[in-house]
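Below is one structure; the comments refer to it alone.
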Amino acid sequence: MEFMSAALGEDSVKESFLDRFKHHSKFLWNKQSIYRVPSSMRDLNNRAYQPQVVSIGPYHNGNSQLEAMEEHKYRALQHFLSRAYNISVEELVAHFKNDDKFMEKVMDSYTQPIDPQWWDSNASTLLTVLDGCFLFELLLSSTSAYTCGGADSSAPMWCYGHDDPIFGVHAERQNIVPYVKLDMLLVENQIPLIILERLAKIAELEVNWNDLIRSFYGCRIEDRSSIDPLGLHVLDVYRKGRIFSGEYTGWTSPKAAKELENHGIRFKRSLGGGSGDGVAGIGGFKDVSFETTTKKRGIDGKLNKENPKVDSQIATHGDLYLPFLTIDEATEPILLNLMAFERLHLGKEARDMTVTQYVFLMNSLIRSEADVRCLRRNSILSSSPERSDGAVTKLFADITSNLVVDDVRGVGTMNEVVRQLCNRRLNSFKASWANQFGLDKRMWIFVSLMAYGLTFALINTIMNKPGI
């Protein structure tokens, strides 16, 4: 009996395992790209992941605080119908609803759990059409290539008035669109770009959505011989627009900014990657490099390029190039959502933690208010007047808490070069002097007087020599 009971127990476990396996036989991890932020990350700053004015996609749809923007979504739908040669709303919905494979691909982009109402084909299709038309019209209205002169009596029905608060040419001045643009960069507030691609096809328009989104956010558009693949969503395209250039491999600094400066290392602003985007002044996250000047050959060797001809033992000076960063109310949510996407996304692309590594680098450089002042003085940082140096220091400390990055290339080399530079006798003397007397005005006055006295005495001695 015991043997039979054990056998039955094993069969039960086996059946239970097989049932779970069948239930999970459809693996979606490599199809998902739009994520719910887990509580372990959200607890740091919940507001950074919450849309303020508009919901995009299913996660925040129905939020009463975002209800005011729904009217503008329906306006966008009406304008799209006119733009698409007066197609009816029933015909538009049918384009999506009758394509089961397409809608399955759209819904598979989202991680679980999703509110069960969105698995209903009617509800998911209407959400896809409404939010898709809103982004479609908003992005197209941002460029003159897809707009018309204005909504006068002779203009097409799909034209918007110049004073339209969302879609007009002066919409940026209405103080609402910047918040919309920020909401469109939240990791939970996305729809797949294949929806916009389908809408463009219906409207018989050729649109490069990647370039249009980069232009919308002020990212530099690179020259390419071929069109790059369509991005996953707005956040994905924005992130790629900020990391496409540069050679940064993820190293951090063993010393803070002020200490590096005291040791003779100079900070310079990177020239590439753009200087601002209308939401937050964020340059290219990969536009980071550390260059050393060698005494022996008198040439520059970039640390992050494998160059065996450069002997780091004879480096005499160092220049650290960093992208420009404006610290304002949009900086923290943008950085947090970019880092959340990097951490959560395990799609077909190779895992890339560039933004997270950049933030860790800035945290290694900013450890005190003096470091903030150092970077601001060297045109690396800019912050709004209401943000103190202490607040900037705390920002980087907070957003890097409880985060771990993979081992990266170049860390050991960076530490070794910086150590060699900082240990040079002249650089060590400069740092020691700066640390002890750098802010002591009386010491500088005393040194100046001593130098003046010695110079005067020397000149007087020479002039009083016999025969002169």
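The values are calculated or read from the model by the stated rules, or taken from the named source; none is laboratory data. Everything numeric here is computed off the predicted structure, so don't read it as measured data. Cβ placement follows ideal geometry from the backbone for every residue including glycine, while neighbour counts extend to all protein chains displayed.
Going by what's in this entry, would P165 be described as modelled with pLDDT under 95, out of contact with any Phe, Trp or Tyr (no Cβ under 8 Å at 6 or more places or on another chain) and surrounded by 12 or more Cβ atoms within 10 Å (Cβ to Cβ)? Talk me through it step by step, then tell me what you get.
Details: modelled with pLDDT under 95: yes; out of contact with any Phe, Trp or Tyr (no Cβ under 8 Å at 6 or more places or on another chain): yes; surrounded by 12 or more Cβ atoms within 10 Å (Cβ to Cβ): yes.
Yes, satisfied.
With the condition being closer than 20 Å to K31 by Cβ and of a type in the set (F, W, Y), I'd like the helices (runs of 4 or more DSSP H) fully within the stretch 67-117 carrying at least 2 qualifying residues.
Numbers: elements: 70-83, 89-97, 100-108.
Helices (runs of 4 or more DSSP H) meeting the threshold: none at all.
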The stretch 84-129 - residue that is in contact with a Leu (Cβ under 8 Å, 6 or more places away or on another chain) and farther than 17 Å from I34 by Cβ and, of those, surrounded by the fewest Cβ atoms within 10 Å (Cβ to Cβ): S88
Checking Y146 against (1) within 20 Å of I213 (Cα to Cα); (2) hydroxyl-bearing (S, T, Y); (3) modelled with pLDDT of 80 or more, the condition it does not meet: (3)
Members of the stretch 114-137 found to be in contact (Cβ under 8 Å) with a residue 40 or more places away in the chain and out of contact with any His (no Cβ under 9 Å at 6 or more places or on another chain), listed by number: I114, D115, W118, S124, L127, T128, L130, D131, G132, L135, F136
Pairs where the first residue, in the stretch 87-106, is in contact (Cβ under 8 Å) with a residue 24 or more places away in the chain and the second is crowded, with 17+ Cβ neighbours inside 10 Å and part of a loop (DSSP other than H, G, I, E, B), C-beta under 9 Å, 6+ apart: I87/A203; L92/A84; K105/P192; V106/I191; V106/P192
In the stretch 26-66, the residues that are under 16 Å from L232 (Cα atoms) and either among the β-branched types (V, I, T) or not in a loop (DSSP other than H, G, I, E, B) (or both): I34, I56
